[in-house]
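**Q** Questions regarding the structure given below will be posed in turn.
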Amino acid sequence: MERHFFFSACALLLLAASTASAARIVQNLTVNKLCKTQIITAVNGRLPGPTIRVQEGDTLLVHVFNKSPYNLSIHWHGVFQRLSGWADGPSMITQCPIRPGCKYIYKFTIIDQEGTLWWHAHVSFLRATVYGALIIRPRDGHSYPFPMPYKEVPILLGEWWNTNVFDVEKLAVATGAAPNLSIAYTINGWPGDLYPCSGNQMYKLKLLQGRTYLLRIINAALNHELFFKIANHKLTVVSIDAGYTEPYVTNVVVSAPGQTVDVLLTADQPVGSYYMAATAYASADGVLFDNTTTRGVLAYDGAPSSTTPLMPVLPDFNDTPTAHKFYSNLTGLVGGPHWEPVPLKVDHEMLVTIGLGLEPCPVNTSCKGPKLSASMNNVSFVRPTSLSMLQAFFFNVNGVYTTDFPAKPTIEFDYTNASINNNIPMLFAPKGTKLTKLKFNSTVEIIFQNTAILGVENHPMHLHGFDFHVLAQGFGNYNPATDRKKHNSINPQMRNTIAVPAGGWAVTRFTANNPGVWVLHCHLDMHLPLGLATAFVVENGPTPETTLPPPPVDLPQC
């Protein structure tokens, strides 16, 4: 079934309809949060933007009208985009951005996916306010692999600045420093009563005692991993990143930016009110972070309005053992809908170091001292400026990128030993637009290895166009002799975004069965423009059904 959606951005406008509908113009959204009134770029006058609800197998046509003063593109985070790479959305990877006053139609089909995904801006810090849920239900006649919940509720965790977020990134780029921190987190757009001027700006959910609810949790924050808890309630994880899991009971959920977690919540406590709360998991020692807490309220039907909600005890901000336990204990639902067995034969092996670094300040700028940078395998990624990489691939244009991204670090060292910071040249990675070319249907194993350059931290790595099996995770330097014995090739979790442990590693594997250009990048927005990215060029397959089609006629031009 085709479903048409209309976006207009300045605000962005989204109208959901089963048939085409004319768009109406919506102006900028003026909001009053945390004691300040400001204008933001949003969707349909809402924050978060409207939830898109579809079924597996549906075709979406999303008409985007950019009425904002900024270049804009929309990424459908986690959607495979099989043979529809032109609709993936990352600026200068699969398309040039949509210029102010222009429009573009994203067209793609949801294939072999069910669960919770989301959409967001993929230009600068705009995704701080330009985001929303994308919920994929089973086709008619198919059911969830768990009892049908009484109600489904999206829970979008966000991040808030009391200033123009575009200017936050602009200032960081100009000065070479880290971007200014957010001042609040949000639940479904509301900061909650722990923040100033926010006593009545709190998300509230009514519960019926004895009923079970499916909470679709999305970490839409820009730069922070988050702990999430509900006072006195257990949560059962049944899906992550739109992939079903073996049920996993927990009292805390941990999610990195870009990740989604579906949990079943049973209202099995005495009638009353209970806080849900989210706060930072900050793994990097000595690095400033937004050390605040957002909360909302679960109120049972019949609970007196005067009842003071119970507050959950949240983990410490640096509680890596709790985070690692959650991340590493999840397993896939073998035999469940859309389960894919682990490919056992590996065609392309990669060991990829990830981390921060430095770069010299450009001459005649306001930058003082070395700028922050980031790299993968000692290459700091630079996006092209005149043509998207997917256009260069399709039209065989030279000079936009090269296909010599190293499959292993060009220099081997003790990756997680902080003494590397005494070797000044190692802190400066050269810039380049280097990609990896893959044969169609080849199997790729990526071992992500965090480094201690400028400090260790957890990095959420997001792969566009594919899910990967997460075979193992651990700390220190990856050791093939011992760590291969830890690989789970039976029922590993599947994700599109993996939180690589702080000072550690993660082993992932995927099949390159989708021709096009697919970016792999850190989903901390403060790290993507610094160069913590690369991409894969997947060659066309042998048949028309495995060949990337031509671009749409309205594809934005640079």
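The values are calculated or read from the model by the stated rules, or taken from the named source; none is laboratory data. It should be emphasised that the depicted structure is a prediction, and the values quoted were computed from it without experimental measurement. Please note: Cβ atoms are built from the backbone with ideal geometry, for glycine as well, and neighbour counts cover all protein chains shown. Heavy atoms of the whole protein, side chains included, go into the accessibility calculation; ligands, DNA and RNA do not. Shrake-Rupley method; radii C 1.70, N 1.55, O 1.52, S 1.80 Å.
**Q** With a point put 7 Å past each Cα toward its Cβ, work out how far Asn32 is from Phe475 in nm, to one decimal.
**A** According to this spin-label approximation, the distance is 4.8 nm.
**Q** Is it possible to state the helix-based mean residue ellipticity at 222 nm for the chain, with each DSSP H run of 4+ residues giving -39500 (n - 2.57), the sum divided by total residues, to the nearest 500 deg cm²/dmol? What is it? Before the final figure, lay out each step's value.
**A** On the way: 4 runs with 31 residues, N = 558.
It comes out at -1500 deg cm²/dmol, rounded to the nearest 500.
**Q** Working out 0.36 nm times the residue gap between Met311 and Thr163, then minus their Cα-Cα distance, what length gain in nm do you get to one decimal?
**A** Extending this stretch completely gives an extra 50.3 nm.
**Q** How long is the gain from Asp285 to Val153 if the chain were fully straight, where each residue apart is worth 0.36 nm and the alpha carbon distance is subtracted?
**A** Working: separation 132, 0.36 × 132 = 47.52 nm, distance 3.50 nm.
That pair, Asp285 and Val153, stretches by 44.0 nm at full extension.
**Q** I've got another one for you. Decide, for segment 18-142, between rounded, prolate and oblate: order the square roots of the alpha carbon gyration tensor eigenvalues as a ≥ b ≥ c, take rounded if a/c falls under 1.5, and otherwise choose prolate if a/b is larger than b/c, else oblate.
**A** Working: a/c = 1.85, a/b = 1.49, b/c = 1.25.
In terms of gyration-tensor shape, prolate.
**Q** Now a separate question. Checking the cross-link filter: which lysines have an alpha carbon closer than 24 Å to that of Lys439, excluding same-chain neighbours under 8 positions apart?
**A** Within reach: Lys345, Lys408.
**Q** Can you work out the FRET efficiency for the pair Ala407 and Val249, with r the C-beta to C-beta distance and R0 = 51 Å, to the nearest 0.05? Mind showing how you got there, number by number?
**A** Working: r = 40 Å, r/R0 = 0.78.
Plugging the Cβ-Cβ distance into 1/(1 + (r/R0)^6) gives 0.80.
**Q** Here's another thing I want to ask about it. On a full-extension model of 0.36 nm per residue, what is the gain between Asp554 and Asp347, subtracting their alpha-carbon distance, rounded to one decimal in nm? Don't jump to the answer; show the numbers that get you there.
**A** Values: separation 207, 0.36 × 207 = 74.52 nm, distance 3.69 nm.
Extending this stretch completely gives an extra 70.8 nm.
**Q** Would you work out if segment 348-546 is rounded, prolate or oblate? Take a ≥ b ≥ c from the square roots of the eigenvalues of the alpha-carbon gyration tensor; rounded if a/c is under 1.5, else prolate when a/b is larger than b/c, oblate otherwise. Walk me through the numbers on the way to the answer.
**A** Details: a/c = 2.11, a/b = 1.10, b/c = 1.91.
Note, shape of segment 348-546 comes out oblate.
**Q** Determine the relative contact order of segment 143-334: mean sequence separation of Cα pairs under 8 Å and six or more apart, normalised by residue count, in whole percent. Write down the numbers at each step before the final one.
**A** On the way: 444 pairs, mean separation 45.7, N = 192.
RCO, segment 143-334: 24 percent.
**Q** Pop out the ³J(HN,Hα) list for segment 414-429 in order, Karplus 6.51 cos²θ - 1.76 cosθ + 1.60 with θ = phi - 60°, rounded to Hz; leave Gly and Pro as x.
**A** These are the phi-based 3J(HN,Hα) values: 6, 4, 9, 8, 5, 5, 4, 5, 7, 9, 3, x, 5, 7, 10, 9 Hz.
**Q** With unit charges on the beta carbons (Lys and Arg positive, Asp and Glu negative) and the dipole taken about the Cα centre of the chain, which residue among Trp119, Val500, Val456 sits farthest to the positive side?
**A** Highest projection toward the positive end goes to Trp119.
**Q** Moving to a separate point now. Would you grab the residues whose amide H sits under 5 Å from the one on Asn44? Only those 5+ places off in sequence or on another chain, please, with H modelled 1.01 Å from N.
**A** The list, which skips near neighbours in sequence, is Ser8, Leu12, Leu13, Leu14.
**Q** Whose amide H sits under 5 Å from the amide H of Cys96, counting only residues 5 or more places off or on another chain, with H placed in the peptide plane?
**A** Distant-sequence amide H within range of Cys96: Ser388.
**Q** Using each residue's phi in segment 45-50, evaluate 6.51 cos²θ - 1.76 cosθ + 1.60 at θ = phi - 60° and report the 3J(HN,Hα) Karplus result to the nearest Hz, with x for Gly and Pro.
**A** Rounded to whole hertz, the list is x, 10, 9, x, x, x.
**Q** Rolling a 1.4 angstrom probe over the protein heavy atoms, how many square angstrom per residue are accessible across segment 18-142? Don't jump to the answer; show the numbers that get you there.
**A** On the way: 4150 Å² over 125 residues.
Heavy-atom SASA per residue in segment 18-142 reads 33 Å².
**Q** In whole Hz and in residue order, list the ³J(HN,Hα) couplings for segment 201-207 that follow from phi through the Karplus curve 6.51 cos²θ - 1.76 cosθ + 1.60, θ = phi - 60°; x for Gly and Pro.
**A** My calculation for segment 201-207 gives 10, 9, 6, 10, 10, 8, 10 Hz in order.
**Q** Roll a 1.4 angstrom probe over the protein heavy atoms and tell me the percent of accessible area of the chain that is carbon or sulfur. Walk me through the numbers before you get to the answer.
**A** Values: 11330 of 21020 Å².
Result for the chain: 54 percent of the exposed heavy-atom area is carbon or sulfur.
**Q** Mind listing which chymotrypsin sites (Phe, Trp or Tyr not before Pro) in segment 352-404 are in a DSSP loop and have 11 or fewer other Cβ atoms within 10 Å? Intermediate results must be reported in sequence, preceding the final value.
**A** Details: sites: Phe381, Phe393, Phe394, Phe395, Tyr401; in loops: Phe395, Tyr401.
Passing sites in segment 352-404 are Phe395.
**Q** Can you give the FRET efficiency for Cys197 and Leu61, using 1/(1 + (r/R0)^6), R0 = 25 Å, r = Cβ-Cβ distance, to the nearest 0.05? Each step should come with its number before you reach the end.
**A** Working: r = 40 Å, r/R0 = 1.62.
After rounding to 0.05, the efficiency reads 0.05.
**Q** Work out the FRET efficiency for Met426 and Val397 from their Cβ-Cβ distance, taking R0 = 30 Å, and round it to the nearest 0.05. Working shown, then result.
**A** Working: r = 34 Å, r/R0 = 1.13.
FRET efficiency, Met426 to Val397: 0.30.
**Q** For segment 143-334, just the Cα atoms, rotate onto the principal axes and tell me the three extents in Å, largest first.
**A** 54, 46, 28
**Q** Starting from the Cα gyration tensor of segment 387-502, take the square roots of the eigenvalues, sort them a ≥ b ≥ c, and report rounded, prolate or oblate (rounded when a/c is under 1.5, otherwise prolate if a/b is larger than b/c, else oblate).
**A** It comes out oblate by the Cα gyration axes.
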